[in-house]
Amino acid sequence: MKQNSHNVDISALEQPGLEKIERKIRGNVGRAISDFNMIEDGDRIMVCLSGGADSYSLLDILLTLQKSAPIQFELIAVNLDQKQPGFPESVLPDYLNALGVEFRIVEEDTYSVVKRLVPEGKTTCSLCSRLRRGVLYNVAAELGASKIALGHHADDIVETLFLNMFFNSRLKAMPAKLKSDDQRNIVIRPLVYVREKMIKQYAALREFPIIPCNLCGSQTGLQRQTIKSMLLQWDDAYPGRVDNIVTSMCKVTASHLLDGDLFDFQNLKQSDD
């Protein structure tokens, strides 16, 4: 596995054209793939497509990289139709058929399960994510996928870092690459170096047929939304701060933290020399 280059450039451009912003995103995705050895020759990658700007952009960039990569890999787009009321069932099949991309639509009524088990007014994200993850892991095994690609971006990573710090007392974010709890799947996040605002600009320029989430997307008062607002304020007041946080997660000095499991403080003694 290649070592992380730490040369992470995730600053957004002001009013970029499509070609310029695509080149920027493609470069950051390529760097993430290299840093974390995300894609290997012969991989069959299941790209989770929700209908949001993040997953559309992820699939689009991976299709572009597939054409120029020095290795061969397959892509299959998978959408989990969770049976949310008003979900436009034809949008994704029409889009993917027009692209000529292999895809599968999985129908699983997790929406009713979440609404039944989560009291009104409580956060649905945790249960919804667990149910969705379980279904997608099974589908990946059925499809013979060697990797599962998710559309989480740099802002998602930083938001998760602060949520874990503020509410779970842990210094923990989202990993760029991980093995699933059931040990069957490798999950990758190729957009880990890409800022959300850049993805939104790209999605608007590409005119993706965005499908809003009527479950978690409609909730108010979520702690993640509070953190997101904080990051937006930082972007305005201190440009580059959020980018620096992402880069800092690539440059961890264990001896300057307080975790004895990461650094052997107990046996740290003065040299005899």
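Listed residues Asp60, Asp94; which is within 26 Å of Met198 (Cα to Cα) and within 17 Å of the chain's Cα centre (by Cα)?
Asp60
Pairs only if they're at least six apart or on different chains, beta carbon under 7 angstrom, first in the stretch 254-272 and within 21 Å of Ser169 (Cα to Cα), second in a loop (DSSP other than H, G, I, E, B); list them, first residue then second.
Filtered contacts from the stretch 254-272: Ala254/Leu262; Ala254/Phe263; Ser255/Phe263; Gly260/Gln266.
Taking Ser169, is it out of contact with any helix residue (DSSP H, G or I) (no Cβ under 8 Å at 6 or more places or on another chain), of a type in the set (Gly, Ala, Ser) and either free of Cβ contacts under 8 Å to residues at least 60 places away in the same chain or farther than 18 Å from Gly30 by Cα (or both)?
So Ser169 fits the description; yes.
Restricting to the stretch 223-266, what's the tally of residues that are among the basic types (Lys, Arg) and modelled with pLDDT of 95 or more?
2
Enumerate the pairs (first residue in the stretch 81-97 and over 13 Å from Pro209 (Cβ atoms); second residue anywhere and at pLDDT 80 or above and hydrophobic (A, V, I, L, M, F, W, C)) with beta-carbon separation below 6 Å, excluding pairs fewer than 6 apart on the same chain, so at least 6 apart or on different chains.
Short answer, once both residue conditions are applied: Asp81/Ile105.
Go through the stretch 149-190 residue by residue and tally those that are within 11 Å of the chain's Cα centre (by Cα) and over 30 Å from Leu258 (Cβ atoms).
Number satisfying all stated conditions: 5.
Of the residues that sit in the stretch 103-156 and are modelled with pLDDT under 80 and of a type in the set (A, V, I, L, M), which one is surrounded by the fewest Cβ atoms within 10 Å (Cβ to Cβ)? Spell out the reasoning first.
We begin by selecting, within the stretch 103-156, every residue modelled with pLDDT under 80; these are 110-130.
Keeping just the survivors that are of a type in the set (A, V, I, L, M) gives 113-114, 117-118, 127.
Values: Val113: 15, Val114: 22, Leu117: 11, Val118: 16, Leu127: 15.
Once the filter is applied, the top-ranked residue is Leu117.
Can you name every residue in the stretch 49-78 that is closer than 15 Å to Val91 by Cβ and among the polar types (S, T, N, Q)?
Residues satisfying the conditions are Ser50, Ser55.
The values are calculated or read from the model by the stated rules, or taken from the named source; none is laboratory data. These numbers were taken from a predicted model, which means no experiment stands behind them. Methodologically, a virtual Cβ is constructed for each residue, glycine included, from the backbone with ideal geometry; neighbour enumeration extends over all protein chains shown.
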